[in-house]
Protein chains: 2
Amino acid sequence: MDKTLTLQSSLDNDRLQSAAFLAKSLSDANRLRILLFISDGKKSVSTIVEELDLSQPLVSHHLKELKRSLLVKVEREGPFIYYELSDSRILTVLQTLSDVATNLLSARKTF
Amino acid sequence: MDKTLTLQSSLDNDRLQSAAFLAKSLSDANRLRILLFISDGKKSVSTIVEELDLSQPLVSHHLKELKRSLLVKVEREGPFIYYELSDSRILTVLQTLSDVATNLLSARKTF
DNA sequence: TCATCATATAAATGTATATTTATATATTGT
DNA sequence: ACAATATATAAATATACATTTATATGATGA
């Protein structure tokens with residue numbers, strides 16, 4: 001049984017919907033910057049705001065979106081709220097997407 | 001050097017933009033159905049329309065989007081136009097996203 | 001050239017979303 | 001209770017996008 005058959009049996013329509021939903025959450029560069037920044041341990045909102053140089057409401061909005069897709073874990077400690085990447089496999093997804101994009105773009109320039 | 005450092009050096013802002021752009025192309029379930037369907041060899045537009053039970057203009061629209069993101073290769077043969085997945089690594093991305101989604105959803109229900 | 005089939009495009013519509021500005025809520029220390 | 005800080009929410013705006021319906025373009029065969 002080859003990979004295609006494996007995929008077709010394991011990627012039914014419900015799972016495709018879920019995958020598409022996660023992909024939508026990964027479709028904004030600022031959210032990817034946030035995910036990458038919180039991938040090596042929990043970070044407070046203010047830390048994210050300062051480090052990524054984004055407005056506080058914008059970071060809050062994107063964190064809400066990431067929380068909606070379950071891609072982040074949230075934890076309160078006193079006045080601070082910490083966000084952390086919930087599944088490290090997302091990092092490999094991002095790396096692969098970046099690699100694929102690089103290849104596709106370089107191939108496009110080859111006439 | 002751990003994976004995080006590797007990621008931070010290889011995923012600069014340009015690459016994040018590219019990854020986000022590809023992710024956006026993967027953020028629609030109908031597009032994922034199309035990508036999966038054309039992943040085992042080129043398929044004509046009409047075949048996609050019939051097999052996936054989508055309207056012809058809708059399929060055309062999504063194929064245009066997939067072409068814009070370079071995720072498909074296009075080839076004309078007489079009156080037919082064939083589309084094919086341009087990079088099979090996209091399949092592993094979809095499989096991983098589906099797996100992650102399944103895990104995140106099942107973990108959410110565990111109180 | 002005409003009719004037919006395959007595919008693309010245009011127009012219209014509804015909905016989603018990224019961002020900014022302004023304000024509200026929640027927690028802590030005094 | 002009050003002031004200060006951390007974070008979230010609301011409102012407004014602009015833009016993007018999925019889908020449908022209608023029409024156009026392009027290729028083929030008679």
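By the scheme Lys and Arg +1, Asp and Glu -1, what is the net charge of all other residues having a beta-carbon under 15 Å from that of B:Leu105?
For residues surrounding B:Leu105, the net value is +3.
Tell me, in nm to one decimal, what length is gained between A:Ile81 and A:Ser55 on full extension, where the rule is 0.36 nm per residue of separation less the Cα-Cα distance?
7.7 nm
Run lengths n ≥ 4 of DSSP H only: what is the helix-derived mean residue ellipticity at 222 nm for the protein assembly as shown, with -39500 (n - 2.57) per run over all residues, to the nearest 500?
Computed ellipticity for the protein assembly as shown at 222 nm equals -20000 deg cm²/dmol.
Looking at this model, which pairs from B:Lys24/B:Lys73; A:Lys24/B:Lys73; A:Lys109/B:Lys42; A:Lys67/B:Lys67; A:Lys67/A:Lys109 are more than 27 angstrom apart at the alpha-carbon?
In this structure, A:Lys67/B:Lys67; A:Lys67/A:Lys109 exceed 27 Å between Cα atoms.
Please pull out the direction-averaged projected area of the protein assembly as shown, using the convex hull of its alpha-carbon atoms, in nm² to one decimal place.
For the protein assembly as shown, the mean projected area of the Cα convex hull comes to 15.0 nm².
Using alpha carbon centroids, what distance separates the stretch A:47-111 and the stretch B:40-111, in Å?
Taking the Cα centre of each part, the stretch A:47-111 and the stretch B:40-111 sit 24 Å apart.
How compact is chain B by the rule of thumb for globular proteins, expressed as Cα Rg over 2.2 N^0.38 Å?
Chain B yields a ratio of 1.28.
What FRET efficiency comes out for B:Gln17 versus B:Thr102 if R0 is 30 angstrom and r is the Cβ-Cβ distance? Round to the nearest 0.05.
Working: r = 29 Å, r/R0 = 0.95.
Plugging the Cβ-Cβ distance into 1/(1 + (r/R0)^6) gives 0.55.
Every number here is computed from the coordinates shown, using simple stated rules; none is lab data. These numbers come from a predicted model, not from an experiment. Heads up, the Cβs are rebuilt from the backbone with ideal geometry, glycines too, and the neighbour counts pull from every protein chain shown.
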